[in-house]
Amino acid sequence: MALLEVRNITKTYGSETVLNNISFDLEKFETLSILGSSGSGKTTLLRCLNYLEIPDDGEIILDNEVYFSKDKVSTYDEDTIRQKRLHFGMVFQQFNLFPQYTALENVQLALKLVKKEKDTQDKAIELLKKMGLENRMDHYPHQLSGGQQQRVAIARALALEPDILCFDEPTSALDPELTSEVLKVIKELANSKTTMIIVTHEINFAKEVSDKILFMDNAEQLDFGSVQEVLINPRNQRIEEFLNSNKSE
Amino acid sequence: MFTSVTLALWQGFLVTIKLFALTLLFSLPLGLPIAIGAMSNNKIIKLPLQFLIWVIRGTPLMLQLLVIYYGPGIFFGINIWGTGENGRFIASLVAFVVNYACYFAEIYRGGIQSIPVGQFEAGKVLGMTSFQIMKDIVLLQVIKKIIPPISNEVITLVKDTSLARVIAVYEIIWSGQAFIKSNGIIWPLFYTGAFYLLFSFLLTVGFAKMEKKLSYFR
(Lines give C-alpha, C1' and ligand atoms only; values in the text may rest on other atoms or scores of the structure.)
Protein backbone atom coordinates (compact mmCIF):
# COMPACT_ATOMS: atom_id res chain seq x y z
CA MET A 1 0.00 0.00 0.00
CA ALA A 2 1.19 3.47 -0.81
CA LEU A 3 1.89 5.92 2.00
CA LEU A 4 -0.44 8.50 0.48
CA GLU A 5 -3.44 7.85 -1.73
CA VAL A 6 -5.36 10.77 -3.14
CA ARG A 7 -8.64 9.78 -4.75
CA ASN A 8 -10.86 11.96 -6.94
CA ILE A 9 -10.24 15.26 -5.19
CA THR A 10 -12.54 17.99 -6.47
CA LYS A 11 -12.71 21.60 -5.37
CA THR A 12 -14.88 24.42 -6.63
CA TYR A 13 -15.16 28.09 -5.75
CA GLY A 14 -18.73 29.03 -6.61
CA SER A 15 -19.22 27.98 -10.20
CA GLU A 16 -15.50 27.72 -10.96
CA THR A 17 -13.88 24.29 -10.71
CA VAL A 18 -10.28 24.61 -9.53
CA LEU A 19 -9.58 20.90 -9.04
CA ASN A 20 -11.42 18.29 -11.07
CA ASN A 21 -11.13 14.68 -10.03
CA ILE A 22 -7.43 14.57 -9.12
CA SER A 23 -5.94 11.20 -8.11
CA PHE A 24 -2.40 10.10 -7.39
CA ASP A 25 -0.42 8.09 -4.90
CA LEU A 26 2.98 8.29 -3.32
CA GLU A 27 5.22 5.67 -1.72
CA LYS A 28 7.34 6.33 1.33
CA PHE A 29 10.64 8.15 0.53
CA GLU A 30 9.43 9.07 -2.96
CA THR A 31 9.41 12.58 -4.37
CA LEU A 32 6.43 13.78 -6.39
CA SER A 33 6.55 16.96 -8.44
CA ILE A 34 3.36 18.69 -9.47
CA LEU A 35 3.83 20.60 -12.72
CA GLY A 36 1.57 22.73 -14.88
CA SER A 37 0.94 26.28 -15.91
CA SER A 38 -0.06 29.00 -13.46
CA GLY A 39 -3.66 28.78 -12.32
CA SER A 40 -3.88 25.07 -13.10
CA GLY A 41 -4.73 24.21 -9.48
CA LYS A 42 -1.35 22.92 -8.30
CA THR A 43 -1.16 25.12 -5.22
CA THR A 44 -4.80 24.49 -4.29
CA LEU A 45 -4.12 20.75 -4.39
CA LEU A 46 -1.19 21.17 -1.99
CA ARG A 47 -3.29 23.36 0.28
CA CYS A 48 -5.96 20.64 0.39
CA LEU A 49 -3.36 18.20 1.72
CA ASN A 50 -2.59 20.64 4.56
CA TYR A 51 -6.21 21.40 5.39
CA LEU A 52 -5.74 25.01 4.34
CA GLU A 53 -8.55 24.30 1.87
CA ILE A 54 -11.30 21.72 2.26
CA PRO A 55 -12.05 19.72 -0.92
CA ASP A 56 -15.68 19.34 -1.98
CA ASP A 57 -15.32 15.73 -2.96
CA GLY A 58 -12.93 12.83 -2.84
CA GLU A 59 -10.82 11.01 -0.31
CA ILE A 60 -7.26 11.09 1.01
CA ILE A 61 -5.77 8.02 2.66
CA LEU A 62 -2.54 8.36 4.64
CA ASP A 63 -0.79 5.31 6.01
CA ASN A 64 -3.98 3.22 5.53
CA GLU A 65 -6.05 5.64 7.55
CA VAL A 66 -8.64 8.09 6.31
CA TYR A 67 -6.98 11.52 6.35
CA PHE A 68 -9.78 13.27 4.52
CA SER A 69 -13.16 12.13 3.35
CA LYS A 70 -16.01 14.27 2.18
CA ASP A 71 -18.49 12.52 4.46
CA LYS A 72 -16.47 12.80 7.65
CA VAL A 73 -14.86 16.20 7.36
CA SER A 74 -17.81 18.07 8.89
CA THR A 75 -17.41 16.04 12.11
CA TYR A 76 -13.75 17.01 12.61
CA ASP A 77 -13.15 19.65 15.28
CA GLU A 78 -10.22 22.08 15.27
CA ASP A 79 -8.07 19.74 17.36
CA THR A 80 -8.57 16.80 15.02
CA ILE A 81 -7.60 18.89 12.01
CA ARG A 82 -4.57 20.19 13.89
CA GLN A 83 -3.39 16.64 14.63
CA LYS A 84 -3.93 15.61 11.00
CA ARG A 85 -2.00 18.59 9.70
CA LEU A 86 1.09 17.45 11.59
CA HIS A 87 1.47 14.56 9.11
CA PHE A 88 2.33 17.15 6.49
CA GLY A 89 4.96 19.86 6.53
CA MET A 90 4.60 22.94 4.38
CA VAL A 91 7.12 25.31 2.83
CA PHE A 92 5.51 28.40 1.32
CA GLN A 93 6.43 30.44 -1.74
CA GLN A 94 6.72 33.56 0.44
CA PHE A 95 8.61 31.72 3.27
CA ASN A 96 6.28 33.16 5.94
CA LEU A 97 8.91 33.18 8.65
CA PHE A 98 7.89 34.83 11.91
CA PRO A 99 9.64 38.23 11.78
CA GLN A 100 9.99 38.75 15.53
CA TYR A 101 11.96 35.54 16.03
CA THR A 102 15.53 34.66 15.03
CA ALA A 103 16.20 31.82 12.60
CA LEU A 104 16.81 29.53 15.55
CA GLU A 105 13.65 30.62 17.37
CA ASN A 106 11.59 30.14 14.19
CA VAL A 107 12.68 26.50 14.10
CA GLN A 108 12.17 26.01 17.84
CA LEU A 109 8.75 27.63 18.23
CA ALA A 110 6.48 24.77 17.17
CA LEU A 111 8.67 22.22 18.95
CA LYS A 112 8.02 24.13 22.15
CA LEU A 113 4.38 24.99 21.62
CA VAL A 114 3.07 21.96 19.75
CA LYS A 115 5.38 19.08 20.68
CA LYS A 116 5.91 20.48 24.21
CA GLU A 117 9.60 19.55 24.00
CA LYS A 118 11.85 21.18 26.60
CA ASP A 119 15.22 20.84 24.90
CA THR A 120 14.65 22.21 21.44
CA GLN A 121 17.91 24.02 20.85
CA ASP A 122 20.18 21.14 19.85
CA LYS A 123 17.69 19.83 17.33
CA ALA A 124 17.12 23.28 15.83
CA ILE A 125 20.85 23.96 15.59
CA GLU A 126 21.41 20.62 13.89
CA LEU A 127 18.70 21.32 11.32
CA LEU A 128 20.03 24.79 10.54
CA LYS A 129 23.54 23.37 10.12
CA LYS A 130 22.11 20.85 7.69
CA MET A 131 20.72 23.81 5.74
CA GLY A 132 24.16 25.46 5.72
CA LEU A 133 23.03 28.24 8.07
CA GLU A 134 25.34 27.72 11.06
CA ASN A 135 26.44 31.36 10.81
CA ARG A 136 22.92 32.76 10.52
CA MET A 137 21.15 31.22 13.48
CA ASP A 138 20.77 34.39 15.50
CA HIS A 139 19.73 36.54 12.55
CA TYR A 140 16.21 37.85 12.20
CA PRO A 141 14.37 37.09 8.95
CA HIS A 142 14.81 40.62 7.57
CA GLN A 143 18.58 40.21 7.95
CA LEU A 144 18.59 37.11 5.72
CA SER A 145 18.51 36.76 1.94
CA GLY A 146 15.46 35.13 0.35
CA GLY A 147 17.36 31.90 -0.18
CA GLN A 148 18.45 31.85 3.45
CA GLN A 149 14.92 32.60 4.63
CA GLN A 150 13.57 29.74 2.57
CA ARG A 151 16.15 27.37 4.03
CA VAL A 152 15.13 28.44 7.54
CA ALA A 153 11.53 27.72 6.52
CA ILE A 154 12.56 24.23 5.37
CA ALA A 155 14.32 23.61 8.69
CA ARG A 156 11.23 24.85 10.54
CA ALA A 157 9.02 22.40 8.65
CA LEU A 158 11.48 19.50 9.12
CA ALA A 159 11.68 20.09 12.87
CA LEU A 160 8.24 18.56 13.39
CA GLU A 161 9.27 15.45 11.44
CA PRO A 162 6.27 15.33 9.11
CA ASP A 163 5.54 12.17 7.12
CA ILE A 164 5.41 14.20 3.93
CA LEU A 165 7.04 17.56 3.29
CA CYS A 166 5.23 19.85 0.84
CA PHE A 167 6.81 22.71 -1.11
CA ASP A 168 4.63 25.35 -2.74
CA GLU A 169 6.74 26.87 -5.53
CA PRO A 170 9.68 27.20 -3.12
CA THR A 171 11.88 29.17 -5.53
CA SER A 172 9.34 31.35 -7.35
CA ALA A 173 10.07 34.36 -5.14
CA LEU A 174 13.85 34.04 -5.53
CA ASP A 175 16.52 35.33 -7.90
CA PRO A 176 18.12 32.67 -10.12
CA GLU A 177 21.29 32.56 -8.04
CA LEU A 178 19.36 32.12 -4.81
CA THR A 179 17.16 29.51 -6.48
CA SER A 180 20.06 27.11 -6.91
CA GLU A 181 20.99 27.09 -3.22
CA VAL A 182 17.41 26.18 -2.27
CA LEU A 183 17.12 23.54 -4.98
CA LYS A 184 20.38 22.02 -3.79
CA VAL A 185 18.96 21.61 -0.29
CA ILE A 186 15.76 20.05 -1.64
CA LYS A 187 17.82 17.64 -3.75
CA GLU A 188 19.80 16.59 -0.69
CA LEU A 189 16.54 15.92 1.12
CA ALA A 190 15.28 13.81 -1.78
CA ASN A 191 18.47 11.75 -1.60
CA SER A 192 18.19 11.26 2.15
CA LYS A 193 14.86 9.47 2.37
CA THR A 194 12.42 12.33 2.74
CA THR A 195 8.97 11.94 1.28
CA MET A 196 8.16 15.12 -0.59
CA ILE A 197 5.59 16.77 -2.80
CA ILE A 198 6.89 19.75 -4.74
CA VAL A 199 4.81 22.23 -6.70
CA THR A 200 7.23 23.82 -9.12
CA HIS A 201 7.79 25.47 -12.49
CA GLU A 202 11.36 24.18 -12.73
CA ILE A 203 10.85 21.29 -15.14
CA ASN A 204 14.50 20.30 -15.35
CA PHE A 205 14.76 20.25 -11.59
CA ALA A 206 11.60 18.14 -11.37
CA LYS A 207 13.09 15.64 -13.85
CA GLU A 208 16.22 15.38 -11.80
CA VAL A 209 14.77 15.05 -8.34
CA SER A 210 11.40 13.33 -8.75
CA ASP A 211 10.25 9.76 -8.76
CA LYS A 212 6.78 10.68 -9.94
CA ILE A 213 5.18 13.55 -11.80
CA LEU A 214 1.64 14.88 -11.68
CA PHE A 215 0.98 17.20 -14.59
CA MET A 216 -1.99 19.55 -14.34
CA ASP A 217 -3.71 21.92 -16.69
CA ASN A 218 -6.77 24.05 -16.05
CA ALA A 219 -7.94 22.13 -12.95
CA GLU A 220 -7.54 18.81 -14.75
CA GLN A 221 -4.97 16.10 -14.30
CA LEU A 222 -3.25 15.57 -17.68
CA ASP A 223 -1.06 12.72 -16.53
CA PHE A 224 0.33 11.02 -13.49
CA GLY A 225 3.21 8.55 -13.58
CA SER A 226 6.96 8.10 -13.55
CA VAL A 227 9.29 10.83 -14.82
CA GLN A 228 9.95 8.60 -17.84
CA GLU A 229 6.25 8.21 -18.66
CA VAL A 230 5.20 11.80 -18.11
CA LEU A 231 8.17 13.94 -19.11
CA ILE A 232 10.95 12.08 -20.91
CA ASN A 233 8.80 10.15 -23.36
CA PRO A 234 5.51 11.92 -22.84
CA ARG A 235 2.54 9.69 -23.56
CA ASN A 236 0.20 12.66 -23.31
CA GLN A 237 0.13 14.81 -26.41
CA ARG A 238 -0.66 18.08 -24.62
CA ILE A 239 2.26 17.62 -22.27
CA GLU A 240 4.52 16.98 -25.25
CA GLU A 241 3.31 20.21 -26.84
CA PHE A 242 3.80 22.07 -23.59
CA LEU A 243 7.36 20.81 -23.21
CA ASN A 244 8.23 21.62 -26.81
CA SER A 245 6.87 25.14 -26.60
CA ASN A 246 8.90 25.66 -23.43
CA LYS A 247 12.07 24.40 -25.06
CA SER A 248 11.81 26.80 -27.99
CA GLU A 249 11.55 29.83 -25.71
CA MET B 1 1.30 85.07 42.91
CA PHE B 2 3.09 82.73 40.50
CA THR B 3 3.36 80.05 43.17
CA SER B 4 -0.27 80.22 44.17
CA VAL B 5 -1.36 80.09 40.51
CA THR B 6 0.91 77.10 39.91
CA LEU B 7 -0.56 75.32 42.92
CA ALA B 8 -4.13 76.03 41.79
CA LEU B 9 -3.40 74.82 38.28
CA TRP B 10 -1.72 71.75 39.72
CA GLN B 11 -4.99 70.88 41.49
CA GLY B 12 -6.81 71.06 38.17
CA PHE B 13 -4.04 69.16 36.44
CA LEU B 14 -4.41 66.28 38.90
CA VAL B 15 -8.03 65.92 37.76
CA THR B 16 -6.87 66.04 34.15
CA ILE B 17 -4.31 63.28 34.76
CA LYS B 18 -6.81 61.19 36.69
CA LEU B 19 -9.33 61.42 33.84
CA PHE B 20 -6.58 60.66 31.32
CA ALA B 21 -5.19 57.63 33.17
CA LEU B 22 -8.54 56.07 34.03
CA THR B 23 -9.78 56.55 30.46
CA LEU B 24 -6.76 54.64 29.13
CA LEU B 25 -7.03 51.99 31.83
CA PHE B 26 -10.56 51.08 30.73
CA SER B 27 -10.67 51.99 27.03
CA LEU B 28 -7.48 50.21 25.91
CA PRO B 29 -8.76 46.77 26.99
CA LEU B 30 -12.41 47.53 26.07
CA GLY B 31 -11.36 48.29 22.49
CA LEU B 32 -10.28 44.69 21.92
CA PRO B 33 -13.65 42.93 22.34
CA ILE B 34 -15.26 45.72 20.31
CA ALA B 35 -12.70 45.16 17.52
CA ILE B 36 -13.12 41.38 17.57
CA GLY B 37 -16.92 41.71 17.68
CA ALA B 38 -16.92 44.18 14.78
CA MET B 39 -14.92 41.64 12.70
CA SER B 40 -17.25 38.76 13.65
CA ASN B 41 -19.19 36.82 11.03
CA ASN B 42 -22.24 36.94 13.27
CA LYS B 43 -24.37 39.89 12.17
CA ILE B 44 -26.16 40.14 15.53
CA ILE B 45 -22.80 40.92 17.11
CA LYS B 46 -21.19 42.78 14.23
CA LEU B 47 -23.88 45.24 13.15
CA PRO B 48 -24.66 46.84 16.55
CA LEU B 49 -20.95 47.31 17.20
CA GLN B 50 -20.36 48.82 13.77
CA PHE B 51 -23.33 51.12 14.45
CA LEU B 52 -21.86 52.13 17.82
CA ILE B 53 -18.46 52.87 16.22
CA TRP B 54 -20.15 54.92 13.51
CA VAL B 55 -22.15 57.02 16.01
CA ILE B 56 -19.24 57.56 18.37
CA ARG B 57 -16.78 58.49 15.65
CA GLY B 58 -19.35 60.49 13.75
CA THR B 59 -20.41 62.88 16.52
CA PRO B 60 -18.41 65.36 18.62
CA LEU B 61 -17.07 64.14 21.94
CA MET B 62 -18.47 67.29 23.52
CA LEU B 63 -21.98 66.29 22.45
CA GLN B 64 -21.43 62.76 23.78
CA LEU B 65 -20.42 64.21 27.15
CA LEU B 66 -23.62 66.25 27.32
CA VAL B 67 -25.84 63.36 26.24
CA ILE B 68 -24.28 60.95 28.71
CA TYR B 69 -24.48 63.42 31.60
CA TYR B 70 -27.92 64.96 30.98
CA GLY B 71 -29.51 62.16 28.88
CA PRO B 72 -30.62 59.82 31.66
CA GLY B 73 -32.29 62.67 33.55
CA ILE B 74 -34.00 64.13 30.48
CA PHE B 75 -35.16 60.92 28.80
CA PHE B 76 -35.80 58.63 31.78
CA GLY B 77 -36.28 61.10 34.60
CA ILE B 78 -33.48 59.61 36.67
CA ASN B 79 -30.24 61.42 37.33
CA ILE B 80 -27.97 58.40 37.67
CA TRP B 81 -24.86 60.53 38.07
CA GLY B 82 -26.07 62.51 41.09
CA THR B 83 -25.37 66.21 41.42
CA GLY B 84 -21.94 66.25 43.07
CA GLU B 85 -18.49 66.75 41.60
CA ASN B 86 -17.87 63.02 41.81
CA GLY B 87 -20.92 62.20 39.70
CA ARG B 88 -19.84 64.63 36.99
CA PHE B 89 -16.39 63.10 36.94
CA ILE B 90 -17.77 59.57 36.54
CA ALA B 91 -20.13 60.69 33.76
CA SER B 92 -17.24 62.27 31.89
CA LEU B 93 -15.10 59.17 32.46
CA VAL B 94 -17.83 56.96 30.94
CA ALA B 95 -18.09 59.24 27.91
CA PHE B 96 -14.31 59.24 27.38
CA VAL B 97 -13.99 55.46 27.84
CA VAL B 98 -16.73 54.69 25.30
CA ASN B 99 -15.37 57.23 22.83
CA TYR B 100 -11.75 56.12 23.03
CA ALA B 101 -12.60 52.41 23.12
CA CYS B 102 -14.26 52.84 19.72
CA TYR B 103 -11.23 54.61 18.27
CA PHE B 104 -8.88 51.99 19.73
CA ALA B 105 -11.12 49.23 18.36
CA GLU B 106 -10.65 50.59 14.85
CA ILE B 107 -6.89 50.74 15.38
CA TYR B 108 -6.83 47.15 16.67
CA ARG B 109 -8.95 45.97 13.73
CA GLY B 110 -6.62 47.64 11.25
CA GLY B 111 -3.61 46.14 13.03
CA ILE B 112 -4.95 42.60 13.05
CA GLN B 113 -6.11 42.79 9.44
CA SER B 114 -2.73 44.10 8.30
CA ILE B 115 -0.96 40.89 9.38
CA PRO B 116 -0.34 38.82 6.23
CA VAL B 117 -2.54 35.73 5.98
CA GLY B 118 0.67 33.73 5.49
CA GLN B 119 1.56 34.27 9.15
CA PHE B 120 -1.68 32.61 10.26
CA GLU B 121 -1.21 29.80 7.72
CA ALA B 122 2.40 29.18 8.76
CA GLY B 123 1.17 28.76 12.34
CA LYS B 124 -1.61 26.43 11.23
CA VAL B 125 0.60 24.09 9.22
CA LEU B 126 2.93 23.87 12.23
CA GLY B 127 -0.02 22.52 14.21
CA MET B 128 -0.53 25.54 16.46
CA THR B 129 -3.89 26.33 18.02
CA SER B 130 -5.70 29.56 17.11
CA PHE B 131 -4.86 30.87 20.56
CA GLN B 132 -1.15 30.10 20.14
CA ILE B 133 -1.15 31.76 16.73
CA MET B 134 -2.68 34.89 18.23
CA LYS B 135 -0.49 34.97 21.33
CA ASP B 136 2.89 33.80 20.02
CA ILE B 137 2.87 34.98 16.40
CA VAL B 138 0.37 37.75 15.73
CA LEU B 139 0.21 39.77 18.97
CA LEU B 140 3.68 41.31 18.95
CA GLN B 141 3.45 42.10 15.23
CA VAL B 142 0.12 43.87 15.84
CA ILE B 143 1.53 45.83 18.78
CA LYS B 144 4.44 47.00 16.65
CA LYS B 145 2.04 48.12 13.91
CA ILE B 146 -0.37 49.99 16.20
CA ILE B 147 2.04 51.88 18.44
CA PRO B 148 2.18 54.95 16.15
CA PRO B 149 -1.63 55.35 15.76
CA ILE B 150 -2.19 54.56 19.46
CA SER B 151 0.34 57.20 20.47
CA ASN B 152 -1.53 59.70 18.31
CA GLU B 153 -4.80 58.93 20.08
CA VAL B 154 -3.22 59.02 23.52
CA ILE B 155 -1.72 62.45 22.92
CA THR B 156 -5.06 63.65 21.56
CA LEU B 157 -6.68 62.35 24.75
CA VAL B 158 -4.44 64.55 26.90
CA LYS B 159 -5.96 67.60 25.25
CA ASP B 160 -9.48 66.17 24.87
CA THR B 161 -9.80 65.90 28.66
CA SER B 162 -10.37 69.68 28.63
CA LEU B 163 -13.79 69.00 27.07
CA ALA B 164 -14.97 67.63 30.43
CA ARG B 165 -15.25 71.26 31.44
CA VAL B 166 -18.57 71.36 29.55
CA ILE B 167 -20.18 69.35 32.34
CA ALA B 168 -18.28 71.29 35.01
CA VAL B 169 -15.48 68.89 35.77
CA TYR B 170 -12.81 70.95 37.48
CA GLU B 171 -9.86 70.21 35.21
CA ILE B 172 -6.88 72.43 34.49
CA ILE B 173 -8.43 74.81 31.92
CA TRP B 174 -11.20 75.63 34.32
CA SER B 175 -8.76 76.20 37.14
CA GLY B 176 -6.86 78.64 34.91
CA GLN B 177 -9.99 80.41 33.72
CA ALA B 178 -11.13 80.90 37.31
CA PHE B 179 -8.40 83.53 37.75
CA ILE B 180 -10.05 85.80 35.19
CA LYS B 181 -13.08 86.21 37.40
CA SER B 182 -11.38 86.17 40.80
CA ASN B 183 -8.21 88.20 40.09
CA GLY B 184 -8.78 89.74 36.67
CA ILE B 185 -5.68 88.10 35.19
CA ILE B 186 -5.62 86.00 32.03
CA TRP B 187 -2.06 84.66 31.99
CA PRO B 188 -2.87 81.60 34.20
CA LEU B 189 -5.11 80.39 31.38
CA PHE B 190 -2.20 80.53 28.95
CA TYR B 191 0.08 79.01 31.56
CA THR B 192 -2.03 75.80 31.45
CA GLY B 193 -0.52 75.22 28.00
CA ALA B 194 2.84 74.55 29.65
CA PHE B 195 1.34 71.67 31.63
CA TYR B 196 -0.10 70.11 28.46
CA LEU B 197 3.16 70.58 26.59
CA LEU B 198 5.25 69.01 29.31
CA PHE B 199 2.90 66.06 29.67
CA SER B 200 2.64 65.35 25.95
CA PHE B 201 6.42 65.66 25.69
CA LEU B 202 6.84 62.90 28.28
CA LEU B 203 4.33 60.72 26.43
CA THR B 204 6.09 61.30 23.10
CA VAL B 205 9.40 60.23 24.64
CA GLY B 206 7.75 57.14 26.16
CA PHE B 207 6.18 56.05 22.88
CA ALA B 208 9.41 56.66 20.97
CA LYS B 209 11.16 54.33 23.43
CA MET B 210 8.53 51.63 22.86
CA GLU B 211 8.85 51.98 19.11
CA LYS B 212 12.60 51.66 19.37
CA LYS B 213 12.31 48.60 21.54
CA LEU B 214 10.33 46.83 18.80
CA SER B 215 12.52 48.01 15.96
CA TYR B 216 14.64 44.83 16.05
CA PHE B 217 12.25 43.15 13.61
CA ARG B 218 10.32 44.21 10.54
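Per-structure values
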read-out	value
Residue identified as away from chain A (no Cβ under 14 Å), surrounded by fewer than 19 Cβ atoms within 10 Å (Cβ to Cβ), under 25 Å from the mean Cα position of the chain (by Cα) and not in a helix (DSSP H, G or I) among B:Gly82, B:Gly71	B:Gly82
Selected residue [away from every other protein chain (no Cβ under 14 Å), under 30 Å from A:Leu46 (Cβ atoms), hydrophobic (A, V, I, L, M, F, W, C) and out of contact with any Gly (no Cβ under 8 Å at 6 or more places or on another chain)] from B:Ile167, B:Ile112, B:Ile180, B:Ile185	B:Ile112
Candidates B:Leu157, B:Leu139, filtered to the one that is modelled with pLDDT of 95 or more and surrounded by 13 or more Cβ atoms within 10 Å (Cβ to Cβ)	B:Leu157
Of all residues making up segment B:139-156, the number that are away from chain A (no Cβ under 14 Å), without any contact (Cβ under 8 Å) to a residue 40 or more places away in the chain and within 14 Å of B:Leu214 (Cβ to Cβ)	1
Selection status of A:Ile9, more than 14 Å from chain B (Cβ to nearest Cβ), surrounded by 20 or more Cβ atoms within 10 Å (Cβ to Cβ), over 16 Å from the mean Cα position of the chain (by Cα) and not hydroxyl-bearing (Ser, Thr, Tyr)	yes
Residue within segment A:81-94 that is touching a residue at least 60 places away in the same chain (Cβ under 8 Å), assigned to a loop (DSSP other than H, G, I, E, B) and among the aromatic types (Phe, Trp, Tyr) present	yes
Residue, surrounded by the fewest Cβ atoms within 10 Å (Cβ to Cβ), within segment A:164-182, restricted to residues that are within 13 Å of A:Phe88 (Cα to Cα) and out of contact with any Phe, Trp or Tyr (no Cβ under 7 Å at 6 or more places or on another chain)	A:Leu165
Single condition B:Glu121 does not satisfy, out of (1) farther than 26 Å from B:Gln50 by Cα; (2) away from chain A (no Cβ under 14 Å)	(2)
Subset of segment A:68-80 that is out of contact with any helix residue (DSSP H, G or I) (no Cβ under 9 Å at 6 or more places or on another chain) and within 14 Å of chain B (Cβ to nearest Cβ) - its residue that is surrounded by the most Cβ atoms within 10 Å (Cβ to Cβ)	A:Thr80
Residue that is hydrophobic (A, V, I, L, M, F, W, C), touching a residue at least 24 places away in the same chain (Cβ under 8 Å) and surrounded by fewer than 18 Cβ atoms within 10 Å (Cβ to Cβ), where the choices are B:Ala164, B:Ala101, B:Ala178, B:Ala194	B:Ala178
Segment A:103-119, residues that are farther than 15 Å from B:Ile133 by Cα and touching an Asp or Glu at 6+ places or on another chain (Cβ under 8 Å)	A:Ala103, A:Leu104
Hits in segment A:192-233 (condition: crowded, with 17+ Cβ neighbours inside 10 Å and of a type in the set (Gly, Ala, Ser))	A:Ala206, A:Ser210, A:Ala219
B:Gly87 vs. criteria away from chain A (no Cβ under 14 Å), surrounded by fewer than 17 Cβ atoms within 10 Å (Cβ to Cβ) and under 23 Å from B:Glu171 (Cβ atoms)	yes
Segment A:122-145, residues that are away from chain B (no Cβ under 14 Å) and either in contact with a strand residue (DSSP E or B) (Cβ under 6 Å, 6 or more places away or on another chain) or not hydrophobic (A, V, I, L, M, F, W, C) (or both)	A:Asp122, A:Lys123, A:Glu126, A:Lys129, A:Lys130, A:Gly132, A:Glu134, A:Asn135, A:Arg136, A:Ser145
Complete set of residues in segment A:58-80 that are of a type in the set (D, E, K, R) and touching a Leu at 6+ places or on another chain (Cβ under 9 Å)	A:Asp63
Residue within segment A:119-126 that is assigned to a loop (DSSP other than H, G, I, E, B) and of a type outside the set (Gly, Ala, Ser) present	yes
Scan of segment A:48-67 for residues that are assigned to a loop (DSSP other than H, G, I, E, B), more than 14 Å from chain B (Cβ to nearest Cβ) and out of contact with any His (no Cβ under 9 Å at 6 or more places or on another chain), ordered by number	A:Pro55, A:Asp56, A:Asn64
Subset of segment A:82-102 [more than 9 Å from chain B (Cβ to nearest Cβ) and either under 20 Å from B:Met134 (Cα atoms) or exposed (fewer than 15 other Cβ atoms within 10 Å of the Cβ) (or both)]	A:Thr102
Criterion: surrounded by 14 or more Cβ atoms within 10 Å (Cβ to Cβ) and over 19 Å from the mean Cα position of the chain (by Cα) - qualifying residue of B:Lys145, B:Lys124	B:Lys124
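Conditions tested, residue by residue: (1) in a helix (DSSP H, G or I); (2) free of Cβ contacts under 8 Å to residues at least 60 places away in the same chain.
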residue: A:Gln150; (1), (2): yes, yes
residue: A:Ile154; (1), (2): yes, no
residue: A:Ala157; (1), (2): yes, no
residue: A:Thr171; (1), (2): no, yes
residue: A:Leu189; (1), (2): yes, yes
residue: A:Leu214; (1), (2): no, no
residue: A:Ile239; (1), (2): yes, yes
residue: A:Leu243; (1), (2): yes, yes
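The values are calculated or read from the model by the stated rules, or taken from the named source; none is laboratory data. If you're wondering where the values come from, they're calculated on a predicted model, not measured in any experiment. Don't worry about glycine lacking a Cβ; one is built from the backbone with ideal geometry, like all the others, and counts go over all protein chains shown.
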